[in-house]
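Notes follow the structure.
Bear in mind that the values in this text are calculations on the coordinates, not laboratory data. Owing to the predicted nature of the structure, the values given are computational and were not obtained by experimental measurement. When we count neighbours, we look across all protein chains shown, and the Cβ atoms used for this are built from the backbone with ideal geometry, even at glycine.
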């Protein structure tokens, strides 16, 4: 069984690297838009048996329940890696044979992207890198606890090296909709240069304070 796991950082603390463009309230609004879009894409994907939302935010938990997802509620999020690993362990206890760890901040992601990622699952590890090739945007782990999460700078190489050290087969999937995320002002500029995306593009066009 494939469980898609969506760790959600508290939206009120999200997108700190966009401080020069957006107010705290706007950054929270953006994070909630991204979460809703990603959750909707997961709900329309094929090949996923259960969706899990991992969050300490009551509104994200409510939306997860409304979408039919399992919700693993956290008292507080210590780190993305810790949330991901705790959720993988809990999913395995509930019968998951594969954990598909996905990000919320990928505005161009589609249901087909998630369908393709689920179809790529195999015994071992599948890694989707960030657009710059250094970070990790998605992990597919079969079984869910086959490696430990090491999110952060250099995580793409760190995850592959950990798999190699454990003799775990690993492959790389470069899925554009999952590789492009919004973290920096440069990411926002790139997004605004492309096709309009739902409510996100108009919101950023109206909200960003370019210096």
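Once you have the Cα-Cα distance between residue 186 and residue 49, take 0.36 nm times their residue separation minus that, and quote the gain in nm to one decimal.
That pair, residue 186 and residue 49, stretches by 45.8 nm at full extension.
Using 0.36 nm per residue, how much length does the chain from residue 166 to residue 203 gain when fully extended, once their Cα-Cα distance is taken away?
The span from residue 166 to residue 203 would gain 8.8 nm if fully extended.
In a Gaussian network model over the chain where Cα atoms closer than 10 Å are linked, find which of 168, 48, 104 has the largest mean-square fluctuation.
Largest GNM mean-square fluctuation: 168.
In percent, what relative contact order does the chain have, based on Cα pairs under 8 Å that are 6 or more apart in sequence?
24 percent
For residue 65 and residue 17, FRET efficiency with R0 = 25 Å and r from the beta-carbon atoms, rounded to 0.05?
According to the calculation, E is roughly 0.25.
Could you work out how far apart the two model spin labels at residue 134 and residue 210 are, taking each label as a point 7 Å from the Cα in the direction of the beta carbon, and quote it in nm?
About 2.5 nm separates the two model spin labels.
Using only helices, what value at 222 nm comes out for the chain when you add -39,500 (n - 2.57) per DSSP H run of length 4 or more and divide by the total residues, to the nearest 500 deg cm²/dmol?
Estimated from H runs of four or more residues: -11500 deg cm²/dmol.
Between the helical axis of 24-43 and the dominant principal axis of the chain, each derived from Cα atoms, what acute angle in degrees is found, rounded to the nearest 10?
Tilt relative to the chain: about 40 degrees.
Of all DSSP beta bridges located in region 2-207, what percent are antiparallel, nearest 5?
35 percent
GNM, the chain, Cα, under 10 Å: largest mean-square fluctuation among 81, 198, 130?
Sorting by GNM fluctuation, first place goes to 198.
What residues from region 128-142 fall in the zone where the backbone N is under 12 Å from a label point 7 Å along the Cα-to-C-beta line of residue 97?
142
I want to verify a result. In a Gaussian network model of the chain, Cα cutoff 10 Å, which of these has the top mean-square fluctuation: 24, 103, 144?
24
Need the full-extension length gain, residue 89 to residue 112, defined as separation in residues times 0.36 nm minus the C-alpha distance. One decimal, nm.
Full extension of this stretch gives 5.6 nm more.
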